[in-house]
Amino acid sequence: MAETDLLITVLGMALVTYLPRLLPAWLLRGRALPPFITAWLRYIPAAVLAALLLPSLLVEGGRLNLTWDNLYLWAALPAALAAWKWKSLFGTVLVGMALVALARLLGW
Amino acid sequence: MPQDKTLLPSLSKPLARLAPALPVVLGYLPIGFAFGVLAAAAGMGAFNSLLMSLLVFAGSAQLVAVELVAQGLTPWSIVATTFIINLRHLLMSASLSPYMQEWRPAQVAGFTFELTDETFGVHSLRFERGETRAKLALLINLVCHLAWVAGTLLGMLAGGLIRDVRPLGLDYALPAMFIALLVMQIRGRVYLVVALMAAGLSLLVWSAGFTQWNVIIAAVLAAAAGAGAERWQKQTS
């Protein structure tokens, strides 16, 4: 793609990315919302994180890996336990990475 | 709520306050690196690659975009695809909005510019704990953004040398971070059910072929179910 086309692409991407990020916070931040909506918003983080997480653990190269050698999935269990016990972002990341590195070292 | 618990300023304190950014930095460096390498391979010049990481700051969308550039798609297709991929940030922005009531408009504008899956996860945790000061939030975002750009730069410089991040398990930094953030969101039974529903629905929708919509659809429905259950519980108690 030509340089100018690329530039247009990047600028276009920036715009369509920023607007959905900006507008809700911008328009809603002073508002008192109906109780159902505030409850709904409170569950959004858990819902979004879970919705992001499961496919990311199962999808490899565009396809689902539901077999026993899905390292990401196996490593998730101790990582989740570590998160539950220590409530530490960094600790969980370390545990997860270390497990994956170790497993690969051992030939996974 | 004041978060300054120590009275003695020290070198470690400012760094300690940036600690929430660390897992994101660990994740963004290798993925930014991957993006930089792929962008160079797809023929994107240094300027546009860096500009994308600077102005778009969206890992999945950028990686998809590089793929589409390599395939020769038009700018319009790529922009439209990016819009769909990043639409879920609409929900994230809405869900953080209650915590920004005291913020100045410029702070809201600056903060949301750097709202990604990862910064959302970090801040939804912090904000709920009462750590809602705008300046620190902006600083944390900036550090994450810099890590993303730095990773991109390194990847571009590395060019053809696709170094393997796998032996260090670095590719697991982001999934591990999401796991931690998710676990810390589970504050009760309803949250657990919402998470399970969202995960299941997301997978279902993805498998049905709606690979750009699965997160939004799953999150909207699962959170609604949670809110509905909670409201129903309140009304019957």
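Quick notes on this one:
- Remark: the protein assembly as shown carries a charge dipole of roughly 1180 debye about the Cα centre, counting +1 on each Lys and Arg Cβ and -1 on each Asp and Glu Cβ.
- Dipole moment magnitude, nearest 20 debye, chain A about Cα centre, only Lys, Arg, Asp, Glu C-beta charged: 580 debye
- Fewest-first ranking of A:95, B:149, A:59, using other Cβ atoms within 10 Å as the exposure measure: A:59, B:149, A:95
- Overall dimensions of region A:67-108, expressed as equivalent-ellipsoid semi-axes from the Cα gyration tensor (√(5λ), whole Å, largest first), are 20, 11, 6.
- Options B:96, B:209, B:229, ranked by Cα towards positive dipole end of the protein assembly as shown, top entry (Cβ charges): B:229
- In chain A, one over the average inverse separation of all distinct C-alpha pairs is 17.9 Å, which is the Kirkwood hydrodynamic radius.
- Counting Cβ atoms of other protein chains within 10 Å of each residue's Cβ and taking the mean over peptide B:214-223 gives 6.
- The label-point distance for residue B:15 and residue A:37, in a model that sets each label 7 Å from Cα toward Cβ, rounds to 4.5 nm.
- Cβ neighbours within 10 Å from other chains - mean over B:199-207: 5
- Counts of other chain beta carbons within 10 angstrom of each beta carbon in peptide A:78-89 average 5.
- Dividing the mean sequence gap of close Cα pairs (under 8 Å, 6+ apart) by how many residues chain B holds gives a relative contact order of 31 percent.
- Axial C-alpha extent at least 30 Å, average Kyte-Doolittle at least -1.0 - helices from chain A (DSSP): A:3-28, A:35-58
- Furthest towards positive pole of dipole, B:25, B:83, B:111, structure part the protein assembly as shown, Cβ charges: B:111
Each value in this text was obtained by applying a stated rule to the coordinates, not by laboratory testing. As the structure is a prediction and not an experimental result, all values here were calculated from the model. Reconstructed Cβ throughout: ideal geometry from the backbone, glycine too, with neighbour counts over all protein chains shown.
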